[in-house]
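Take a look at the structure set out below.
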Amino acid sequence: DNTSTITGTKLGSVIERLLGVVPGSNASMFFYKGHKVGEGLATSEGSDVSQAPIFFKFMLDSRLASMEDILALQKTVTVTALVSNFGVSDDLSPCHLEAVERLERSLNAFASERILDKLRFKGRTLAKCDFELIQQNIQATHNLTMEVPCEFFVARANALIAANNPSGSESDINYCFVVLLQMLKSSELTIVAREDAFLLLVDNEVGVLPYWCFAELDQSNGTIRLIVHHPLGREYAQEILTKAEHLVKGIVKISNQQLLLIAAYKSKSGSDLLLGANAPFACPCQFTAEMPLNRRVLPQQAISQLEALPMVANFILSNHESIFVYKEVSESIFYMQLEWVKLDESDEEFKHNPHQISLRVYGIEVPGHSIKIDLVRMLRRKMMNLPLD
């Protein structure tokens, strides 16, 4: 059955990009398109051997194959290319060797792409051995790469330091990369491929993976190296590469937020990178609790009383008096602020007190029981005991 198959058609296209069918050979002999058929076949002594044509035949497993056989390929086979210059020289010229190497690279890339295509169907169930096979083969394929430079907040310098130029902060940058690894591992859009490499799921794919996208940490150069292979070609790979760049830059930002939170908790002093006006690493608000005031209690008075509680006072930042930092048992760190807000006259609580106190909690994740339940309960109890007149 010589009906063309998808795999056979793709292999035929790989061959046809470099080779042409020799007329009259029953489509079983091919010439390298860099040379014209018939030139150099009868070279005389002293002629330029490099201009002699070079020919190829193919074997599928141990059987000679025509182009029709190649196009009808239906199973996994070993493809062998036989090369000849018909005795023009005992050795292949550099020009001929280049032709052979180009064909070899193209066939290896085709074989690697077939392996990668099969593994895409495993989706999120990929195992360690699968990743090893992917890493071996993706380098041989047509892929796009990008180096994303990293810079990290270093507490001792109280500044951002470029990871490729640590300037005496090498040990600090090493710790920053440890935090970055933790953030990559905890992301829902990554799967660990090896200790320093991650499969990125930039669109949070489930099921069959439509492409391969990896992020590899290159600590020696202070970068994250992205590599993308897309079976549909360069244009699609470029789109994924752009999304991957945005994703890893976001994870680097979260890593810096974590570094800033750790520094604030340890030093009881907050960097302007985290807490200043238009702070580039300000954390999102993860939780809010609204607490009504008793009648005639002034909001400023209530906040002063709440900030005097040991659980709050002991964690207030020295350079931001209205902000306190708290670490949960889970090791997650948050910064919080008590503020008062004016109620709308239509609000049911307005007739008791036109103001209420709001607890806002900021961090890189959602707080747990100790903040959402325990801390809020303690604050509410304190507010209930505030004087009524």
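Structural remarks
- Hits in the stretch 194-215 - residues which are more than 16 Å from A244 (Cα to Cα) and assigned to a strand (DSSP E or B): R194
- All positions within the stretch 153-201 that are of a type in the set (D, E, K, R), surrounded by 14 or more Cβ atoms within 10 Å (Cβ to Cβ) and over 12 Å from the mean Cα position of the chain (by Cα): D172
- Within the stretch 324-335, the set of residues being of a type in the set (A, V, I, L, M) and buried (at least 19 other Cβ atoms within 10 Å of the Cβ) comprises V325, I333.
- If you go through the stretch 343-389 and keep only what is closer than 21 Å to Q258 by Cα and either among the hydroxyl-bearing types (S, T, Y) or exposed (fewer than 14 other Cβ atoms within 10 Å of the Cβ) (or both), you end up with Y362, V366, H369, S370.
- Candidates in the stretch 288-321 are the residues that are assigned to a strand (DSSP E or B) and open to solvent by 50 Å² or more (accessible area, probe 1.4 Å); of these, the one that is modelled with the lowest pLDDT is E321.
- Selection status of Q257, at pLDDT 95 or above and either over 19 Å from L375 (Cβ atoms) or touching a Pro at 6+ places or on another chain (Cβ under 9 Å) (or both): yes
- Test: residue in the stretch 44-63 that is at pLDDT 90 or above and in a helix (DSSP H, G or I): no
- Looking only at the stretch 64-91, residues that are modelled with pLDDT under 90 and open to solvent by 60 Å² or more (accessible area, probe 1.4 Å) come to 7 in all.
- Unmet requirement for N256, which otherwise passes all of (1) part of a helix (DSSP H, G or I); (2) surrounded by fewer than 18 Cβ atoms within 10 Å (Cβ to Cβ): (2)
- Residues of the stretch 334-378 satisfying the condition of being in contact with a Pro (Cβ under 8 Å, 6 or more places away or on another chain) and assigned to a helix (DSSP H, G or I): E349
- Pairs meeting the criteria (first residue in the stretch 240-257 and within 15 Å of L199 (Cα to Cα), second residue at pLDDT 95 or above and part of a helix (DSSP H, G or I), beta carbons under 7 Å, at least 6 apart or on different chains) are I251/M183; I251/L184.
- Filter result for the condition that a residue is of a type in the set (A, V, I, L, M) and over 29 Å from K128 (Cβ atoms), over L201, L160, L184, L189: L160
- Looking only at the stretch 379-389, and only at residues there that are part of a loop (DSSP other than H, G, I, E, B) and among the aliphatic types (A, V, I, L, M), the one that is modelled with the lowest pLDDT: L388
- Filter result (open to solvent by 10 Å² or more (accessible area, probe 1.4 Å) and touching a residue at least 60 places away in the same chain (Cβ under 8 Å)) within the stretch 212-226: D218, N221, T223, R225
- Taking the conditions (1) touching a strand residue (DSSP E or B) at 6+ places or on another chain (Cβ under 7 Å); (2) within 30 Å of H355 (Cα to Cα) in turn, H320 satisfies each one other than (1).
- Cβ-Cβ distances below 9 Å connect the following pairs, each with a first residue in the stretch 160-172 that is in contact (Cβ under 8 Å) with a residue 12 or more places away in the chain, a second residue that is open to solvent by 40 Å² or more (accessible area, probe 1.4 Å) and basic (K, R), and a separation of six or more residues or different chains: S169/R156; D172/R156.
- Across the stretch 100-115, not a single residue is classified as outside any helix (DSSP H, G or I) and touching a residue at least 24 places away in the same chain (Cβ under 8 Å).
- Residues that are buried (at least 18 other Cβ atoms within 10 Å of the Cβ) and either of a type outside the set (S, T, N, Q) or at pLDDT 95 or above (or both) within the stretch 127-139 comprise F131, I134, I138, listed in sequence order.
- In the condition set (1) under 22 Å from K372 (Cβ atoms); (2) of a type outside the set (S, T, N, Q); (3) in contact with a Leu (Cβ under 8 Å, 6 or more places away or on another chain); (4) loosely packed, with under 15 Cβ neighbours inside 10 Å, C283 is compliant with all but (4).
The values are calculated or read from the model by the stated rules, or taken from the named source; none is laboratory data. None of the values given here were measured: they were computed from a predicted structure. Counting neighbours? That spans all protein chains shown, and the Cβs are built from the backbone with ideal geometry, glycine included. These area figures cover heavy atoms from the full protein model, side chains too; ligands, DNA and RNA do not enter into them. Shrake-Rupley method; radii C 1.70, N 1.55, O 1.52, S 1.80 Å.
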